[in-house]
Structure formats: structure tokens, C-alpha cells
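Report on one structure; see the data block that follows.
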There are 2 protein chains.
Amino acid sequence: MATLLQIDFPFGGPFGAEMAQALDGLARSINDEPGFLWKIWIENAATGAAGGIYLFADAASAEAYLAKHSARLEGFGISDIRARVFDVNPALTALNHGPLS
Amino acid sequence: MATLLQIDFPFGGPFGAEMAQALDGLARSINDEPGFLWKIWIENAATGAAGGIYLFADAASAEAYLAKHSARLEGFGISDIRARVFDVNPALTALNHGPLS
């Protein structure tokens, strides 16, 4: 079943177009991760935070990516990473047009 | 610009089909919220947590819904609600097939 992974952490920037330019290669590499379906990149310049909402094909893929990505973030000097893995409720999500593929 | 709202909280159940049955009416009502685009319902029976990932058309709609929904959750006796509002990074999200409509 599709598994949702949410990750966020304190982040001082860059945001917006400058972030997109800096992380273009990373984003492209994520498409090759096993079980990866999509990622919404999230950022909040006002509160100083960033992260991602990911959908994976199954929990094992999400957990494997989380371990890899957490180590990468820590390598960037990022700490206080909050990550949570969730099942989705398909019936309720369908009622609210939530994208699960 | 599309605004992402993530909400999660400790939750003892029901989960799955039983949750879907209990909250069918609530889910349908959410479709009528101003600026609402979609919600993915998230749950984790193992850790005892639930919540939602929402996309709204703009930040004002997301903030208004968050105020309304937080009060409703507290009315259900739910506490320790974690909620965060984020901008999305459209360029990076497009690279990773993230759904923004």
C-alpha cells in the first residue's frame, strides 16, 4: 500500500528559485529511488524550515529512503530532522481527491 | 500559490475501514472548505498517530482551515496537535512529479 513520508527540519535557505537551482541534481536523483512515486518540496522562509512530502509504493521503500536521506541531510549540517512514516487511508483520501499514484 | 498544510496528532483509533466509516461525513464536508484542493488522510496504528496532508489554493485558506480544524480536533479530545504550513517549491516539485492541483 502507498506509504506517505513527511520530513521537515530547520533551514536557513536558500529558498525558492535559488533552492531549485542548487538542488536540481538531487531532485533528479530522487526519481531513481526504489519505490518512489512523487515528492512535494516544502519550504517556509518566514519560520526557517524546509522538507518534503513523499509518496512511496510501500513502507519498506519509504524507510530505506528515509535512512539514506537522513544521513545526507546530516552531511549537509542539518539537524533536528523530524520524519514520520504513515499509511494512507484510501477510502477517505479518495473522498477528498488526494493523489495516491 | 498552492500552500501545503500538514497536521498530525496522537490517535488511538479507529483506523482503516472503521475510521473511514466514522469520518465519511467529515471528509465530505472538507471538500466544501474555501480554497481546498485535496487531502491525503494519514494514519499509523503502530505508533498511534493520525492526521492529514492538505493542499490549499493559498496560505489564507490553509490558515483559516487550520484554525477551524484545530478547534474541532480539540473538541474530539485530541491534544498535542502538530500543524505546519509550508509554501511549495514548484520547480523542484515538478521535477519529482508532485501533485499541485
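The values are calculated or read from the model by the stated rules, or taken from the named source; none is laboratory data. Everything quoted here is computed from the prediction, not taken from an experiment. Here the Cβ positions follow ideal geometry from the backbone for every residue, glycine too, while neighbour counts run over all protein chains shown.
Of the numbered conditions (1) more than 21 Å from B:Gly48 (Cβ to Cβ); (2) at pLDDT 95 or above, A:Ser101 fails exactly one; give the number of that condition.
Just one mismatch for A:Ser101, condition (2).
Residues checked against (1) within 24 Å of A:Ala91 (Cα to Cα); (2) facing another protein chain (nearest Cβ under 9 Å):
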{"residue": "B:Gly52", "(1), (2)": "yes, yes"}
{"residue": "B:Ala60", "(1), (2)": "no, no"}
{"residue": "B:Leu66", "(1), (2)": "yes, no"}
{"residue": "B:Arg72", "(1), (2)": "yes, no"}
{"residue": "B:Ala91", "(1), (2)": "no, yes"}
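Return the residues of the stretch A:51-100 that are assigned to a loop (DSSP other than H, G, I, E, B) and in contact (Cβ under 8 Å) with a residue 40 or more places away in the chain; say none if nothing qualifies. Please lay out each step first, then the result.
So the first thing to find is which residues in the stretch A:51-100 are assigned to a loop (DSSP other than H, G, I, E, B), and the list is A:57-58, A:76-81, A:89, A:96, A:98-100.
Scanning the stretch A:51-100 gives A:Ala57, A:Asp58, A:Ile78, A:Ser79, A:Asp80, A:Ile81, A:Pro99, A:Leu100.
Can you find a residue in the stretch B:63-81 that is in contact with a Pro (Cβ under 9 Å, 6 or more places away or on another chain), on the phi > 0 side of the Ramachandran plot and modelled with pLDDT of 95 or more?
yes
Modelled with pLDDT of 95 or more, more than 8 Å from every other protein chain (Cβ to nearest Cβ) and closer than 18 Å to B:Leu4 by Cα: is that true of A:Phe56 in this structure? Spell out how you get there, then give the answer.
Working: modelled with pLDDT of 95 or more: yes; more than 8 Å from every other protein chain (Cβ to nearest Cβ): yes; closer than 18 Å to B:Leu4 by Cα: no.
So A:Phe56 does not fit the description; no.
Provide a single number: the residues in the stretch B:18-42 that are in a helix (DSSP H, G or I), of a type outside the set (D, E, K, R) and more than 7 Å from chain A (Cβ to nearest Cβ).
Let us first name the residues in the stretch B:18-42 that are in a helix (DSSP H, G or I), namely B:18-22, B:24-30.
Next cut, of a type outside the set (D, E, K, R) only: B:19-22, B:25-27, B:29-30.
Checking the rest, the ones that are also more than 7 Å from chain A (Cβ to nearest Cβ) come to B:21-22, B:25-26, B:29.
Number of matching residues: 5.
For B:Thr47, are the conditions met, namely being loosely packed, with under 15 Cβ neighbours inside 10 Å, within 27 Å of A:Ala59 (Cα to Cα), among the β-branched types (Val, Ile, Thr) and out of contact with any Ser or Thr (no Cβ under 7 Å at 6 or more places or on another chain)?
Values: loosely packed, with under 15 Cβ neighbours inside 10 Å: yes; within 27 Å of A:Ala59 (Cα to Cα): yes; among the β-branched types (Val, Ile, Thr): yes; out of contact with any Ser or Thr (no Cβ under 7 Å at 6 or more places or on another chain): yes.
Yes, satisfied.
Restricting the stretch B:38-50 to residues that are touching a helix residue (DSSP H, G or I) at 6+ places or on another chain (Cβ under 9 Å) and in contact (Cβ under 8 Å) with a residue 40 or more places away in the chain, which is farthest from A:Val88 (Cα to Cα)?
Checking each candidate, the answer is B:Trp38.
Do we find that A:Gly13 is at positive phi and assigned to a strand (DSSP E or B) in this structure? Walk me through it before giving the result.
Working: at positive phi: yes; assigned to a strand (DSSP E or B): no.
No, not satisfied.
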